[in-house]
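Okay, structure first, notes after.
The values are calculated or read from the model by the stated rules, or taken from the named source; none is laboratory data. Nothing here was measured: the structure is a model prediction, and the numbers come from that model. Ideal geometry is used to build each Cβ from the backbone, glycine not excepted, and the neighbour counts take in all protein chains shown. Just so you know, the surface numbers come from the protein's heavy atoms only, side chains and all, with ligands and any DNA or RNA stripped out. Shrake-Rupley method; radii C 1.70, N 1.55, O 1.52, S 1.80 Å.
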Amino acid sequence: MSPAHRPTHPRDRAWVEVDLAAIRRNLNRVREVAGAHVKLVAMVKADGYGLGVRRVLEAIRPAGPFGYGVATLDEGLELRQLGVSEPIMVYTPLPHDSLARCVAAGLIPAVSDLDTLAALHRIAAPASGPRTAIPFQIEIDTGMGRAGFHLDEAATWWPEVERAVRAGLRLFGVFTHLHSADHPDLGSARAQVERFDRFVRGAAGIGSDVLVHCANSAGSLRLVSRTANAVRPGIYLYGGDIGDPANPPRPVAAVRARVVLVREVPPGTTLGYGATYTSRDTERWAAVGIGYGDGLPRVLGNRGRAIAGGHRVPIVGRISMDTTVVRVTGDVSVGDIVTFVGRDGEAEVSLEEVAESAGTIGYEILTGLSSRLPRIRT
């Protein structure tokens, strides 16, 4: 039964459907390519890439990942509240006054500078009381530039890391970020991996028990590290394209909303804020209960496409906070479902198409979906 003809749900004017089986298939594909011996760290930051971390965990936890990756302290605390007992790694540098809460919750912080390392050491070795072996990860900057110890200065900072470990901290992981693993030309990504591997092979103190990783989604499927024992896929799990035609992801998210009004207008009728669209002939317009307040990018006005009545239709006029208008033909009525991301029958508006039309990336489309849209498992 196509979405346009499903029984209506009386509660929701617009919603996000999350295909949990597709998440599991995408995760299993990463595991197949990376190898069974490689640990899998599932990235679930930004509320599961906008799809609702509770829903996402329903799909990922049965697959038994080694651990989870988040960006903020609060995201890690939420996972603990949801019953996650596996390692939870915080990948964005934390303010020093947040480190104690991070440690108390059993989260694993990332360290990018010696000041943060010293702050962790102070927590581990208080003036009185037992010493705590706090686990931490070292981020190494191989070209991303936004965080991490400069690789070229390893002779200065690595001895301090070793000293901190001898003093009671625990080196849990060593990682870097790839900046262009999803590009057609993998030359720069390979260079990053080679620099990272060279450091890991030459650094004393990185034992087999240390988590070593450099691969995001694209790196997990397109690159090989000689030293890594883990990968940390993110967007691929949620249906985002990573530039690998051999491994297209299964689509995960669908954004749908209901028609709230259908009207026929004569030629010369203007539409929306700024009157950016004017009907050329007699036209049928369907007002749909979704807008930029729900995360549908405003820039899609007069540019994007949707599916109504099983057919692709244009979005006309500017998108309002709560309403979007599409130009329709045929049998479209109040209460029918319009798809803005996803498939309806043979017609599809892919996540990548929406992102391209909006001049952005799929990550931003997914994470921009507002809390006003319920996340519904399928």
Could you list all residues from the range 208-246 that are under 16 Å from the mean Cα position of the chain (by Cα) and open to solvent by 20 Å² or more (accessible area, probe 1.4 Å)?
-> ASN216, ASP241, GLY243
Every pair of residues 6+ apart whose Cβ atoms lie under 9 Å, when the first sits in the range 185-204 and is surrounded by fewer than 13 Cβ atoms within 10 Å (Cβ to Cβ) while the second is of a type in the set (Asp, Glu) | ALA204/GLU162
Output the residues belonging to the range 29-61 that are modelled with pLDDT of 95 or more, under 19 Å from PRO87 (Cβ atoms), more than 16 Å from the chain's Cα centre (by Cα) and not hydrophobic (A, V, I, L, M, F, W, C).
-> ARG31, LYS39, ARG61
Out of the range 276-299, which residues are of a type outside the set (A, V, I, L, M, F, W, C), part of a strand (DSSP E or B) and closer than 11 Å to VAL325 by Cβ?
-> TYR277, GLU283, ARG284
What residue, of GLY289, GLY295, is of a type in the set (Gly, Ala, Ser) and under 20 Å from the mean Cα position of the chain (by Cα)?
-> GLY295
Of ARG31, ARG61, ARG24, ARG80, which residue is basic (Lys, Arg), open to solvent by 10 Å² or more (accessible area, probe 1.4 Å) and farther than 24 Å from GLY239 by Cα?
-> ARG80
Quick one: ALA124 ticks every box in (1) open to solvent by less than 10 Å² (accessible area, probe 1.4 Å); (2) within 23 Å of HIS177 (Cα to Cα); (3) not polar (S, T, N, Q) bar one, so which box is it?
-> (2)
Considering every residue within the range 327-347, establish whether at least one is polar (S, T, N, Q) and in contact with a Lys or Arg (Cβ under 8 Å, 6 or more places away or on another chain).
-> yes
Going through the range 349-378 in order, the residues found to be in a loop (DSSP other than H, G, I, E, B) and surrounded by fewer than 19 Cβ atoms within 10 Å (Cβ to Cβ) are SER350, GLY359, THR360, ILE361, GLY368, SER370, SER371, ARG372, PRO374, THR378
Which one is nearest to GLY67 (Cα to Cα), of the residues in the range 83-105 that are open to solvent by 40 Å² or more (accessible area, probe 1.4 Å), in contact (Cβ under 8 Å) with a residue 24 or more places away in the chain and not in a helix (DSSP H, G or I)?
-> THR92
Quick one: is VAL299 open to solvent by less than 20 Å² (accessible area, probe 1.4 Å) and modelled with pLDDT of 95 or more?
-> no
Filter the range 307-344 down to the residues that are assigned to a loop (DSSP other than H, G, I, E, B) and of a type in the set (Asp, Glu), then identify the one that is nearest to ALA355 (Cα to Cα).
-> ASP322
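A quick yes/no check of all residues on (1) in contact with a helix residue (DSSP H, G or I) (Cβ under 6 Å, 6 or more places away or on another chain); (2) over 22 Å from SER350 (Cβ atoms); (3) open to solvent by less than 30 Å² (accessible area, probe 1.4 Å); (4) not basic (Lys, Arg):
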position: GLU264; (1), (2), (3), (4): no, yes, no, yes
position: GLY268; (1), (2), (3), (4): no, yes, no, yes
position: THR276; (1), (2), (3), (4): no, yes, no, yes
position: SER279; (1), (2), (3), (4): no, yes, yes, yes
position: GLU283; (1), (2), (3), (4): no, yes, yes, yes
position: VAL326; (1), (2), (3), (4): no, no, yes, yes
